[in-house]
Structure formats: C-alpha cells, structure tokens
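To keep things clear, I will list the structure first and then write my remarks on it.
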Amino acid sequence: MESLKNIKVRSGNEMAPISQFITMKKVYGPDIISRFNMYTSIKVMVAPADGYTSGQALKAIDEVAKSSLPTGFDYELGGMAREEASSSGGTTALIFLLCFVFVYLLLSAQYESYILPLSVLLSIPFGLMGSFIFVQGWAALGSIPALKMVVGTMSNNIYMQIALIMLIGLLAKNAILIVEFALERRRMGMSITWAAVLGAAARLRPILMTSLAMVVGLLPMMFAFGVGAHGNRTLGTAAIGGMFIGMIFQIFIVPVLFVIFQYLQEKFKPIEWDDLDNSDMSTEIEQYAKIK
C-alpha cells in the first residue's frame, strides 16, 4: 500500500506523489464481477421441487421478484427457462392452431369435404389429453424415493410441446385409417353405421401394430440417462402416453364421429356411389360379424 502511495504523477511541470490527489484504503471485493447485458449481475441456479412443474416455478420466481426485489433491481431468465418462457403463451397456441389448420386443409382436399375432416381432428384432443394425464401420473411416481432415479422429474416444457405437435400427426394417421376405409365402404352402398363399424374392425390391427411399434421405439427415451436425459424423458413419456391413450380412445371415438359428420355431409351434398356388386358388401359384413 505504501509503495502505491509513492507513485509519482505529473502535475503541471512537476512530479507529485499520487497520495496528494487520491485516498487509498484496503477493501474486500469479488475476484470476478459478472455482467449480463452490461449490468452487474449474479447467477442463481434453481430447480423446481418434487411435484411442481417448471412453469409453476417460473411463476413463483416472478411473484417473489416483484414483491421482494428493491427498486432498480430486476431478473432475467437463462438457458432452458428462457426458451420455455419465450415459447409459452401465444406462440405455442399459434403453432398448435397452424398444425390443426394444415391437417384440416389437407384432409378437406382428400375427402372433398369441409365437414368429414372434423371426424379426424376431433379425435386428436383425446390423445393430447392422455399425454398430460400420463405425464402427471408418471411424475407422481417420481415422488417415491425408490423410483426417483428411474422416473426422474417431468414438467410442461419445450420438449413436451414438441411431443404434442408430433402427436397431432401420429394420431391423425390412426383416425385417417378408419375414416378412409369407412368412406370407401359407404360409397359402395353400405350404411353409415356398418361402414364405421367395419372401418374400426378392419383397421384395428394396423393401428395397433403401428402405434405399439411407436410406443416400443420411444421406450429408450423414456428411460434415458446421461446428458440431456431430462429432455429425452419428457419427450418420450409425453409421446408414449399420448400415443397409447389416444390409440385406445380413437378405436371407439372415430367411428362415432364418422357416423355424425358423414350424416351431416350427406345432408348438404349427396354421396357419389361407386358401381359395385352389393353381394360383396353382404359377404364382408357377414365376415366381420362372424369375427365379432
């Protein structure tokens, strides 16, 4: 400290000790000053407690910051929390809306109808609802100490939203299989009810095979470990739950929706019949009746 006080600095035409111009004293401070967007800052790492989602944790942080931080202090999110906060709300809703609109427009062109595609679209929310239920149930198992390492923690984050967008296409595929088969049989002269029933019966095996294959393929993600395991587990669990529960619901829901909307469609536009021997339909009905 004394050597610093004896440092000479120029003052006009003479050299004078620096102690004549400043007062030096020993103070203690941080070795490194962290800054964020040019502001002095500190970095705090937090994680939601067991049984709470990251969205609930972000909401709690915002409430505490507004009530506790002094004037002139603020906070900013970083990492995945920043991405989750920016992707929530209106942006996510817009993405889901666009997905449904694109699927609706494609099906409208395929079926040449603005009503019948609703039998496909209205079956999708059952799978999305099942995804949330499955994730919440699976996360509840994480509260058991013996299963915490295997189950991990789940939250409604960007990975779960990706899984939900993916489920829109996968669940629509299952419904399309039933509706397409039922529509073909209806155009051949079969009653709407029988066409819907046979559509579900005939497409049951393909739906089970493709859906269960998807579920089995996602199991490694559901039990992932290592770097990025949290995101993989969330995506895999949400996709498996939505696919499995949606598959079960669609087998029963889609035929009912087809009957309703095909009936409404024929009220506005008469159906164009295909030329085919009705004896083939009678044989097909008898065949599936025997199977049942």
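Rule-based calculations on the coordinates, nothing more; no lab input. It should be emphasised that the depicted structure is a prediction, and the values quoted were computed from it without experimental measurement. Because the Cβ atoms are built from the backbone with ideal geometry, glycine has one as well, and the counts that use them run over all protein chains shown.
What does the extension gain come out to for residue 102 and residue 67, with contour length at 0.36 nm per residue minus their alpha carbon separation?
Values: separation 35, 0.36 × 35 = 12.60 nm, distance 4.37 nm.
Extra length available between residue 102 and residue 67 comes to 8.2 nm.
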Practice task
Can you tell me the order of 6-13, 172-179 when each peptide is scored by its average per-residue count of other Cβ atoms within 10 angstrom, highest first?
Solution key: 172-179, 6-13
Handout entry: Alpha carbon convex hull of segment 23-138, projected area averaged over orientations, nm²
Key = 13.0
Practice task
Report the one residue of 215, 197, 132 whose Cα lies farthest in the direction of the positive end of the charge dipole of the chain (charges on C-beta: Lys and Arg +1, Asp and Glu -1; origin at the Cα centre).
Solution key: 132
Problem - Simple Cβ-charge dipole of segment 2-82, Lys/Arg +1 and Asp/Glu -1, about Cα centre, in debye nearest 20 - result: 380
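Starting from the Kirkwood Rh over alpha-carbon pairs, what translational D in µm² s⁻¹ does segment 197-262 have by Stokes-Einstein at 37 °C and 0.692 mPa s? It would help to have the intermediate numbers written out before the result.
Numbers: Rh = 13.2 Å.
Taking Rh from Cα pairs, D becomes 248 µm²/s.
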Handout entry: Full-stretch length increase - residue 5, residue 269 - with 0.36 nm per residue and alpha-carbon distance subtracted
Key = 85.3 nm
Practice task
Working from the alpha-carbon coordinates of segment 100-142, get Rg over Rh, Rh being the Kirkwood radius.
Solution key: 1.26
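Figure the gain on full extension for residue 33 and residue 83 (residue separation times 0.36 nm, minus the Cα-Cα span) and round it to one decimal in nm. Provide the component values of the computation, followed by the final result.
Values: separation 50, 0.36 × 50 = 18.00 nm, distance 2.56 nm.
That works out to 15.4 nm of additional length.
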Exercise for the section: Could you run the Debye sum over the Cα atoms of the chain, one equal point scatterer each and no solvent, and tell me log10 of I(q)/I(0) at q = 0.07, 0.11 Å⁻¹, two decimals? Expected result: -0.46, -0.81
Problem - For 138, 194, order by how many other beta-carbon atoms lie within 10 Å, fewest first - result: 194, 138
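Dipole size in debye (nearest 20) for the chain around its Cα centre, Lys and Arg Cβ +1, Asp and Glu Cβ -1? Provide the component values of the computation, followed by the final result.
Numbers: 22 positive and 21 negative charges, 246 e Å.
Magnitude of the dipole: close to 1180 debye.
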Exercise for the section: Pop out the ³J(HN,Hα) list for segment 27-37 in order, Karplus 6.51 cos²θ - 1.76 cosθ + 1.60 with θ = phi - 60°, rounded to Hz; leave Gly and Pro as x. Expected result: 10, 10, x, x, 5, 10, 9, 7, 10, 9, 6
